[in-house]
Amino acid sequence: MTVSTIEAIYAEVLRRNPAEKEFHQAVREVLESLEPVLARHPEYTELKTVQRICEPERQIIFRVPWADDRGEVQINRGFRVEFNSALGPYKGGLRFHPSVYLGIIKFLGFEQVFKNALTGMPIGGGKGGSDFDPKGRSDAEIMRFCQSFMTELYRHLGEYTDVPAGDIGVGGREIGYLFGQYKRITNRYESGVLTGKGLGWGGARVRTEATGYGAAFFAEEMLAARGSSLDGQTVVVSGSGNVAIYAIEKVTQLGGRAIACSDSSGYVVDERGLDLDLLKQIKEVERGRLSEYTERVRHARHVTGGSVWDVPCTVAVPSATQNELDGEAAQTLLRNGLVAVSEGANMPSTPEAVKLFLAAGIAYGPGKAANAGGVATSALEMQQNASRDRWTFEHTEARLRDIMRDVHASCAAAAEEYGDPGNLVLGANITGFVRVADAMHAHGLV
Ligand code: NDP
Ligand code: 2IT
């Protein structure tokens, strides 16, 4: 009965959202977890709660015109999908990458709804971005693009309405330009309208580090539940952006040895442990390519193309992008002695890879739980902005640590309650869904 209900819901999602394959994938994964919940709670079926959760509350698509440094007119497309506001204002990042289209923003927004619920903070879910490619663009071009993007988006934002932050291609610099334009247009110093701000103008300590640190804390929690820890583990992290760099930092502080990371051109292996200061210098200061690492560290090797998952490790922290770890990579990792995966990225493992990890019984932390530390710390930034306060690094990091512990405990408890102990995919999807669904019911037919 419930299986056929779920299949019918999925068929309708496919029909209503044609050609949005990442969105279909994200919905499918959540729906596959919900059967035992629907069996216990007939009201979710009667009130069509699942169908309502699969339909965004609002979708905004807009033109972003701007002039490049040669004076040539460029036109990009901007998106903001305001998915669900049952638990708080829409909250979620902005992604600037040429691959962006509605299907990617909707998958990210859908994931965000459940992730944000898992944090226990008062935030709804949304996501936005553009097909703008920041690679090779000057600082002035980035600024003009951000100003044009915000000139349209500002009317949909507000600290009680919708609060964007960063994601791929959007970091502190972009948030600065976006905030400056919002402030000019509205004539309001509304700090809580964006998170990931600079520390000198309303930003929160630990937000930059939070997603990567959180993914490392989540790995530590999963391993602790199995009587182990990160101490002495060999770790491979994909990507070399914001999430990857701070995952490497925290994993190292917790006793792991991070030996490889990647970008879209290839990967670097440094068996002595990655030199974090050098990585930060190349990626954050010089905005260079990862291949430059081996020019400065002679004993390291760079592999052009290929898969970073070929590097033997016991813990994997995928922190680049969706579907970057497929079934073949999962098999290689398992053969090489993998014990844990903590997803820093959103939906980095393909459905086939997830099935292999679960079947192998290793510790597998899905992105909506393992990378929730970023948005949770954004909520802490909003809290500081609202109270015009400023917390220390130690206090904020302790809050993040507690939140990640709590996310893990909630997911583990739900997995146990619904009959599949250790299955954190099931635990995360059920916990997130029930929190959002119950709030929606309290609000009437919304
Ligand atoms: P960054 O832009 O800082 O870094 C992205 C990294 O991933 C770069 O190394 C980039 O390589 C690589 N990458 C991006 N796209 C691809 C691709 N199509 N193929 C191969 N490599 C790719 O982004 P973040 O670190 O912020 O984000 C990384 C992931 O973490 C994303 O999935 C994001 O959604 C997720 N995330 C981010 C959070 C945050 O707070 N920032 C919070 C939670 C999740 P290159 O430079 O060559 O493009
Ligand atoms: O995917 C994510 O959780 C983010 N990119 C961070 C969102 C946020 O609002 O901090």
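The values are calculated or read from the model by the stated rules, or taken from the named source; none is laboratory data. Note that the structure is a prediction, hence the values are computed from the model and not measured. Here Cβ is always computed from backbone atoms with ideal geometry, including for glycine, and neighbour counts include all displayed protein chains. Remember, those area values only see protein heavy atoms, side chains included, never the ligands or the DNA or RNA. Shrake-Rupley method; radii C 1.70, N 1.55, O 1.52, S 1.80 Å.
Which residues' amide hydrogens lie under 5 Å from the amide hydrogen of VAL341, considering only partners 5 or more residues apart or on another chain, with H built in the peptide plane?
HN-HN under 5 Å from VAL341: ALA316, ALA363, TYR364, GLY365.
Skip the ligands, DNA and RNA, and give the accessible area per residue of segment 1-88 with a 1.4 Å probe, whole Å².
Per-residue value: 52 Å².
Please enumerate, by chain and number, the lysines with C-alpha under 27 Å from the C-alpha of LYS283, excluding those fewer than 8 residues away in the same chain.
LYS91, LYS127, LYS135, LYS197, LYS250, LYS368
Taking the alpha-carbon centroid of each part, what is the distance from segment 13-32 to segment 239-259 in angstrom?
When both Cα centres are located, 32 Å separates them.
When the solvent-accessible surface of protein heavy atoms is calculated with a 1.4 angstrom probe, in what order do SER99, SER33 fall, highest first?
Output order, biggest surface exposure first: SER99, SER33.
Once Rh for the chain is found with the Kirkwood sum over Cα pairs, what is the Stokes-Einstein diffusion coefficient at 10 °C and 1.306 mPa s, in µm²/s?
Diffusion coefficient, whole number: 72 µm²/s.
Counting only the backbone N, which residues of segment 127-144 are under 20 Å from the spot 7 Å out from the Cα of ARG173 toward its beta-carbon?
Flagged as within label range: 129-144.
For the chain, set up a Gaussian network in which alpha carbons nearer than 10 Å are linked by springs, and say which option among ALA225, ALA67, ALA247 fluctuates the most.
Sorting by GNM fluctuation, first place goes to ALA67.
Can you work out the accessible area per residue across segment 346-446, with the rest of the protein chains kept in place, probe 1.4 Å, in square angstrom?
39 Å²
Taking the full set of protein chains and a 1.4 angstrom probe, give the accessible area of LYS250 in square angstrom, rounded to the nearest 10.
Looks like 20 Å² after rounding.
Accessible area of the chain with a 1.4 Å probe: how many percent of it is carbon plus sulfur?
About 50 percent, which is the carbon plus sulfur part of the accessible surface.
Over segment 165-216, what relative contact order in percent results from Cα pairs under 8 Å that are six or more residues apart?
Result for segment 165-216 is 32 percent.
So for ILE75, ILE282, ILE185, what's the accessible-area order with a 1.4 Å probe, most first?
These residues rank, largest area first, as ILE75, ILE185, ILE282.
Please name which of GLY88, VAL303, GLN181 has its Cα lying farthest along the dipole of the chain towards the positive end, using unit charges on Cβ (Lys, Arg +1; Asp, Glu -1) and the Cα centre as origin.
Of GLY88, VAL303, GLN181, it is GLN181.
Could you go through segment 286-292 in sequence order and give the Karplus-derived ³J(HN,Hα) for each residue, using 6.51 cos²θ - 1.76 cosθ + 1.60 with θ = phi - 60°, rounded to whole Hz, and x for Gly and Pro?
8, 6, x, 9, 5, 4, 5
How large is log10 of I(q)/I(0) for segment 188-337 at q = 0.10, 0.20, 0.21 Å⁻¹ when the intensity is taken from the Debye formula with one equal scatterer per alpha-carbon?
Log10 of I(q)/I(0), two decimals: -0.37, -1.25, -1.35.
Once the other residues with Cβ under 11 Å from the Cβ of ARG390 are scored (Lys, Arg +1; Asp, Glu -1), what is the net sum?
Neighbourhood net charge equals 0.
Would you mind working out the magnitude of the charge dipole of segment 336-446 relative to its Cα centre, with +1 at each Lys and Arg C-beta and -1 at each Asp and Glu C-beta, to the nearest 20 Debye?
200 debye
On a C-alpha basis, how far is the centre of segment 174-208 from the centre of segment 305-352 in Å? Whole number, if you could?
34 Å
What is the sum of charges around ALA258, taking Lys and Arg as +1, Asp and Glu as -1, for the other residues whose C-beta is under 12 Å from the C-beta of ALA258?
Taking every Cβ under 12 Å from that of ALA258, the sum is -1.
Where only protein heavy atoms count, and the probe is 1.4 Å, what is the accessible area per residue for segment 162-226 in Å²?
Ligands and nucleic acids excluded, the result is 33 Å² per residue.
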